[in-house]
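Everything below concerns the one structure shown next.
Values in this text are rule-based calculations from the coordinates and carry no lab data. This structure is a prediction, so every number in the text was calculated from the model and none was measured. We place every Cβ from the backbone using ideal geometry, glycine too, and count neighbours over all the protein chains shown.
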Amino acid sequence: MAQPVPTRSGGFGGSDGLADFLKGEDFDLLIDATHPFAARISRNAAIAASATVLPFFALRRPAWKQQPGDRWTSVRSVTDAAAALGTIPKRVFLAIGRQEAFHFESAPQHSYLIRSVDPVTPQLDVPHAHYILATGPFEETAERGLLIENRIDVIVAKNSGGTATYGKIAAARALSTEVIMVERQQPDDVRTVETVKDALGLVDHLFSPEMKRGV
């Protein structure tokens, strides 16, 4: 969708390239509004902001919180999620996107249902894998049907927050299906807000006359 402001697509060449871009275009503020699991660009943004001494904060939608009836096993990484599946063969709904799906080649004893927006290439080197291409939002009723039809024992998901992909979490709760949840690993030293309204308020605060005078 076209935006009524200048835009740029593509990478910057790491934190140094981003810092050069920020200085070259004479920016006054950097906001990291990327996906909660876009770790590389978030790290580069923090480094670039520090190098250029720019005001910087992150806009992050709230993470999902475990509710009564949820059967979550929280892990720190996708690699840990693959190990957490255990040795007994299970039917696994892999809902983490395509880029890190290859980690589950370390657990080939399981049968995988893999859903992603874009194709997983190359496909996993495991005996049993079925692929679905789909874009959210995904409603709870449809997700419940998917889990039942495919006899899913466990879901592997990232705690991305928001409503678009929460249907599988609600469906898992209703069916008492296990969820291995990859939790966010966000730096503690980055100022963070959770809504666009809060982001706009912080921008006003950062550039208020009082802040400019150092009050």
Less than 23 Å apart at the alpha-carbon level, and either on another chain or at least 8 residues along: which lysines does that give for Lys197?
Lys65, Lys212
For the chain, just say rounded, prolate or oblate: build the C-alpha gyration tensor, square-root its eigenvalues into a ≥ b ≥ c, call rounded for a/c under 1.5, and beyond that prolate if a/b exceeds b/c, oblate if not.
prolate
Ranking Thr87, Thr141 by Cβ neighbours within 10 Å, fewest first, what do you get?
Thr87, Thr141
By the C-alpha gyration tensor axes a ≥ b ≥ c (rounded if a/c is under 1.5, else prolate when a/b exceeds b/c, else oblate), the shape of region 71-182 is rounded
Rounded to the nearest 10 degrees, what's the angle between the helix 14-24 long axis and the longest principal axis of the chain, both from Cα atoms, 0 to 90?
30 degrees
Inter-probe distance in nm under a simple model that places probes 7 Å from Cα toward Cβ, at Arg76 and Leu29
3.4 nm
Given the rule -39500 (n - 2.57) for each run of at least 4 DSSP H residues, summed and divided by the residues of the chain, what is its mean residue ellipticity at 222 nm, to the nearest 500 deg cm²/dmol?
-9000 deg cm²/dmol
Which whole-Hz ³J(HN,Hα) couplings does region 138-144 yield from phi under the Karplus relation 6.51 cos²θ - 1.76 cosθ + 1.60, θ = phi - 60°, glycine and proline marked x?
10, 7, 4, 4, 5, 5, 5
Using the 10 angstrom Cβ neighbour count as an exposure proxy, how do Asp16, Asp70 rank, fewest first?
Asp16, Asp70
